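Trainee: Here it is, the structure in full.
Taken together, the values in this text are just the output of simple stated rules run on the coordinates, not laboratory data. What you are looking at is a predicted structure, and each value in this text was computed from that prediction instead of being measured. So basically every Cβ, Gly included, is an ideal-geometry build from the backbone, and we count neighbours across all protein chains shown.
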């Protein structure tokens, strides 16, 4: 039997994680979809400008209508755990250019990333 921590660590071993600095550079470059998988009440407190919000709990059923499989996607949550699980799921769904933001929104904000809200 696996714990939640086991599942997160396994997901992190299968997906690419980008640092907040790398994510900021990608954001400035443009052409990358930033996907916020936090719950709505978390998003209401602030988010990465231009990010698409789809809660982790509904992502599998909503992502295909919102983001093409060939898009470059950086997924983030609060700390980087839910985003790793989400990135692993999208990888299994055929999204090849997907990564998880290490440190999540917290890491982004602490590194000086722009915040809406």
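Trainee: Give the percent of DSSP beta bridges with both residues in the chain that are antiparallel, rounded to the nearest 5.
Mentor: Working: 1 of 13 bridges.
If we restrict to bridges inside the chain, about 10 percent are antiparallel.
Trainee: Can you tell me which of 21-31, 74-84, 101-111 comes out highest on packing, and rank the rest after it, using the mean Cβ neighbours within 10 Å? Mind showing how you got there, number by number?
Mentor: Values: 21-31: 13.6, 74-84: 24.3, 101-111: 19.8.
The densest-packed peptide leads the list: 74-84, 101-111, 21-31.
Trainee: Take the alpha-carbon positions of the chain, form their convex hull, and give its projected area averaged over all directions (one quarter of the hull surface) in nm².
Mentor: Values: hull surface 27.7 nm².
Answer in nm², one decimal: 6.9.
Trainee: Below 8 Å between Cα atoms, with a sequence gap of 6+, how large is the relative contact order for the chain in percent?
Mentor: Details: 199 pairs, mean separation 41.7, N = 117.
Averaging sequence separation for qualifying contacts and normalising by length gives 36 percent for the chain.
Trainee: By how many nm would the segment from residue 6 to residue 42 lengthen if fully extended, with 0.36 nm per residue of separation less the alpha-carbon distance?
Mentor: Details: separation 36, 0.36 × 36 = 12.96 nm, distance 2.47 nm.
So the extension gain works out to 10.5 nm.
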